[in-house]
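Student: Mind having a look at this structure? Questions to follow.
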Amino acid sequence: MESQVFDAEKFAKIYNLMNGTPFDAERDNARGKAEALASAAGLTFEEAVQVACGVECKDMNVSAATHNPFEGFADWMEAQEPGYKARAAEEYRRKQEADMKERSELIDRYGSVEAVFEPCEKEVLLKESCKHLANIDEEYGYVSNLDGWDIASKYEDLPESVRSAVSHAYKVPSSVEGCWDELLYWSRKYHERTLFERDYEHELEVIARTIVLDDLILTLPANCPEDVFARLARFEDLL
């Protein structure tokens with residue numbers, strides 16, 4: 001079968017999603033799509049990463065850039081699609097303007113940047129419920145793990161003790177739609193805070209709560225059309 005032309009821009013977007021998502025299922029789904037895209041072009045996954053990152057690859061005239069893996073990518077894309085740089089610059093400008101506008105709206109709503117990061121009632125309850133499981137980093141004073149489970153742990157390895165703690169912090173939704181609504185709540189919180197702090201991550205107890213919600217979305221019975229739509233929305237979110 002004849003190989004297709006490699007769509008480096010599409011691959012880069014999927015690759016960034018794969019590395020940026022906190023959800024294992026979403027990461028695995030993105031990895032599968034990236035591998036399929038690379039295979040269709042006659043490349044291994046590793047070769048495709050090199051091309052998309054602007055590193056020299058077999059039969060490809062792309063300059064190496066060890067200090068910045070994406071250096072050279074824009075030039076390569078411009079050669080493939082004249083006008084790419086201008087389109088990317090305009091897209092970036094619009095994104096910056098939209099982010100600036102949203103930051104201003106959030107400050108108006110919350111009153112200050114600090115208030116955006118102020119723990120909400122749910123976060124306070126989750127932290128209190130997990131207090132007996134929290135191990136505090138002696139040097140920096142943050143919660144390094146919950147009963148041995150930390151930011152680098154697999155989601156499926158969430159201890160039952162932590163699962164129980166976050167489930168009893170406050171009432172767990174009894175419907176698929178309710179779980180999806182709460183998951184969207186945490187997604188909005190994450191989005192709002194990353195507008196001001198790019199490297200922001202939810203606290204461990206919040207991540208644990210979202211894992212519980214995700215599991216329920218997939219396992220609770222869908223008793224009404226709203227539940228079905230909510231489950232479909234979650235599946236679409238993973239694509």
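Student: Counting only chymotrypsin sites (Phe, Trp or Tyr not before Pro) that are in a DSSP loop and have at most 11 other C-beta atoms within 10 Å, tell me the longest site-free stretch of the chain.
Tutor: 1-139
Student: Go through segment 177-239 and name the trypsin sites (Lys or Arg not before Pro) that are in a DSSP coil and have 13 or fewer other Cβ atoms within 10 Å of their Cβ.
Tutor: For trypsin sites (Lys or Arg not before Pro) across segment 177-239 that sit outside H, G, I, E and B with at most 13 neighbouring Cβ atoms in 10 Å, the list reads ARG198.
Student: Determine the sum of side-chain charges near LEU204: Lys and Arg each +1, Asp and Glu each -1, restricted to other residues whose C-beta is under 11 angstrom from that of LEU204.
Tutor: Neighbour charge sum, excluding LEU204 itself: -3.
Student: To the nearest 10 degrees, how steep is helix 84-110 against the longest Cα principal axis of the chain, on a 0 to 90 scale?
Tutor: 20 degrees
Student: Quick check for the chain: number of Lys pairs with alpha-carbon distance under 14 Å, counting only pairs 8 or more apart or on different chains? Show your work: numbers first, answer last.
Tutor: Values: LYS10/LYS33; LYS13/LYS33; LYS122/LYS171; LYS122/LYS189.
Pairs that pass both the separation and distance tests number 4.
Student: What does the charge add up to near VAL113, with Lys and Arg as +1, Asp and Glu as -1, over the other residues with Cβ less than 12 Å from its Cβ?
Tutor: -2
Student: Also: Taking a ≥ b ≥ c as the square roots of the Cα gyration tensor eigenvalues, with a/c under 1.5 meaning rounded and otherwise prolate when a/b beats b/c, else oblate, which class fits segment 67-159? Intermediate values should be presented prior to the final figure.
Tutor: Numbers: a/c = 3.46, a/b = 1.66, b/c = 2.08.
Oblate, because a/c is 1.5 or more while a/b does not exceed b/c.
Student: For the chain, set up a Gaussian network in which alpha carbons nearer than 10 Å are linked by springs, and say which option among GLY178, GLY111, GLY42 fluctuates the most.
Tutor: GLY111
Student: Could you tally the net charge around ALA98, taking each other residue with its Cβ under 13 Å from the Cβ of ALA98, Lys/Arg +1 and Asp/Glu -1? The partial results should precede the final answer.
Tutor: Working: positive: ARG93, ARG94, LYS95, LYS101, ARG103; negative: GLU90, GLU91, GLU97, ASP99, GLU102, GLU105.
Combined, the nearby Lys, Arg, Asp and Glu give -1.
Student: Ranked by Cβ crowding within 10 angstrom, fewest neighbours first, how are ILE107, ILE217, ILE207 ordered?
Tutor: ILE107, ILE207, ILE217
Student: For an R0 of 22 angstrom, estimate the FRET efficiency from the Cβ-Cβ distance between MET100 and GLU9 and round to the nearest 0.05. Write down the numbers at each step before the final one.
Tutor: Details: r = 25 Å, r/R0 = 1.16.
Efficiency computed from Cβ-Cβ geometry: 0.30.
No value in this document is a laboratory result; all are computed from the given coordinates. These numbers were taken from a predicted model, which means no experiment stands behind them. As a convention, Cβ positions derive from the backbone with ideal geometry for all residues, glycine included, and neighbour counts pool all protein chains shown.
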